[in-house]
Amino acid sequence: MSLDNTSHPGRPGSDELVPSRYALRVGEIDVLVVSDGVLAIPAPVLATNAEPAVLTAWLDDMFLPPDMLEWPLNVVVVRSGGRTILIDAGLGVEFPDFPRAGRLALRLETAGIDLASVTDVVLTHMHMDHVGGLLADGVRGRLRPDLRVHLAAAEAEFWASPDFSRASMPPPIPDVLRRAAKRFLNEYHSQLRPFEAEYEVAPGVVVRRTGGHTPGHSVVRLASRGDRLTFAGDAVFQVAFDHPDWYNGFEHDPEEAARVRVRLLRELAATREPLVATHLSFPSVCHVAVAGDVFRWVPAVWEY
């Protein structure tokens, strides 16, 4: 896996004008954060239980627009113990409403990562912006036949007959999520490796079910030679540091998602380990600090 953080404007097949990958090490584990682009999301989805005026004020304080947000979409590639692990797979290219996302295959190639080198995929959950990259045309044919796809058993069970009654997603998102999950389960059924509570994918790479955002939502904890890092998937959003009790519209169990979020943020503040999350601004590497009853987001200093 290339650990080159620089852009190469002259590289064939690449139209990169800004960095889309960022490399770091966790002990002996290589980590590469890759941007899959941005998603246009209605701002009210950030906080369905907040007073609109309070949310608008928070957005203004953060220099964010009051109506539509460009939501970052990050995935991670990890190398440990001879295994190359893709953590989540981005959106794919079959969603015309999100023209600025779904660039995973191109950006992995630009980073020097051959899809055929990926030995494992870990899915934090099965929303379309986490599985869609594996459904893009031509991707499955480039993957290894012995590829292992790890996800919580509760996640696979949920998407066999999903319940959206407690989520607050804008239409037609629920129907799109159903179709993407059904297709993924059908196409990758033989390669699924469900786990109950947690599973060590490779040395120092442990995926652990948290629930909340979806019934089988999971986080990935990396640990090597005293260093640690957590990939939180959709357990943490930018607004969650100031308002961890605000419900995200994509959460299938908002109350439990808030409890999971607070527990995780408290733990990360105590351990001081870095955090990476799907929808924090690229490359999203940061630390968590306690700020009274809430938290403070401390972006990490880039390592050049």
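No lab work stands behind these numbers, since they all come straight from the coordinates. Keep in mind the model is a prediction, meaning the values are calculated, not measured. Note that we place each Cβ from the backbone using ideal geometry, even for glycine, and neighbour counts take in every protein chain shown.
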Quiz item: What number, rounded to the nearest 500 deg cm²/dmol, is the helix-based mean residue ellipticity at 222 nm of the chain, given -39500 (n - 2.57) per DSSP H run of at least four residues and division by all its residues?
Solution: -6000 deg cm²/dmol
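Which percent, to the nearest 5, of DSSP beta bridges fully inside the stretch 168-293 are antiparallel?
Antiparallel: roughly 90 percent of the beta bridges in the stretch 168-293.
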Quiz item: So for the pair ALA300, ARG25, with labels modelled 7 Å out along Cα→Cβ, what separation do we get in nm?
Solution: 1.3
Self-check item: Beta bridge orientation in the stretch 55-166: antiparallel %, DSSP, nearest 5
Solution: 45
Practice problem: Let me know the charge dipole size of the chain about its Cα centre in debye, to the nearest 20, where only the beta-carbon of Lys, Arg (+1) and Asp, Glu (-1) is charged. | Solution: 800
Quiz item: By per-residue mean of other Cβ atoms within 10 Å, what is the highest-first order of 272-279, 97-104, 39-46, 131-138?
Solution: 272-279, 131-138, 97-104, 39-46
Self-check item: Amide hydrogen neighbours beyond the local backbone of ALA47, cut-off 5 Å, H modeled
Solution: GLY249
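Can you work out D for the chain in µm² s⁻¹ from Stokes-Einstein, where Rh is the Kirkwood radius over C-alpha pairs, the temperature is 25 °C and the viscosity is 0.890 mPa s?
Using the Kirkwood radius from Cα pairs, D works out to 127 µm²/s.
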Quiz item: Along the charge dipole of the stretch 61-107, Cβ charges K/R +1 and D/E -1, which of LEU86, MET62, ALA101 sits furthest on the positive end?
Solution: LEU86
Exercise. Report, for the chain, the % of DSSP beta bridges that are antiparallel, rounded to 5.
Key: 80
Practice problem: For every other residue with a beta carbon closer than 12 angstrom to the beta carbon of LEU59, add +1 if it is Lys or Arg and -1 if Asp or Glu, then tell me the sum. | Solution: -4
Exercise. Positive end of the charge dipole of the chain (Lys, Arg +1 and Asp, Glu -1 on Cβ, about the Cα centre): tell me which of PHE237, ASN248, GLY211 has its Cα farthest that way.
Key: GLY211
Practice problem: Give me the net charge of SER224's neighbourhood, meaning all other residues with Cβ under 9 Å from the Cβ of SER224; Lys, Arg count +1, Asp, Glu -1. | Solution: +1
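With a cut-off of at most 14 other beta carbons within 10 Å, and DSSP calling the residue loop, which GluC sites (Glu not before Pro) in the stretch 146-205 qualify? Please list them.
Listed in order of number, the matching sites are GLU196.
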Quiz item: For the chain, what is the relative contact order in percent, using Cα pairs closer than 8 Å and at least 6 residues apart in sequence?
Solution: 18
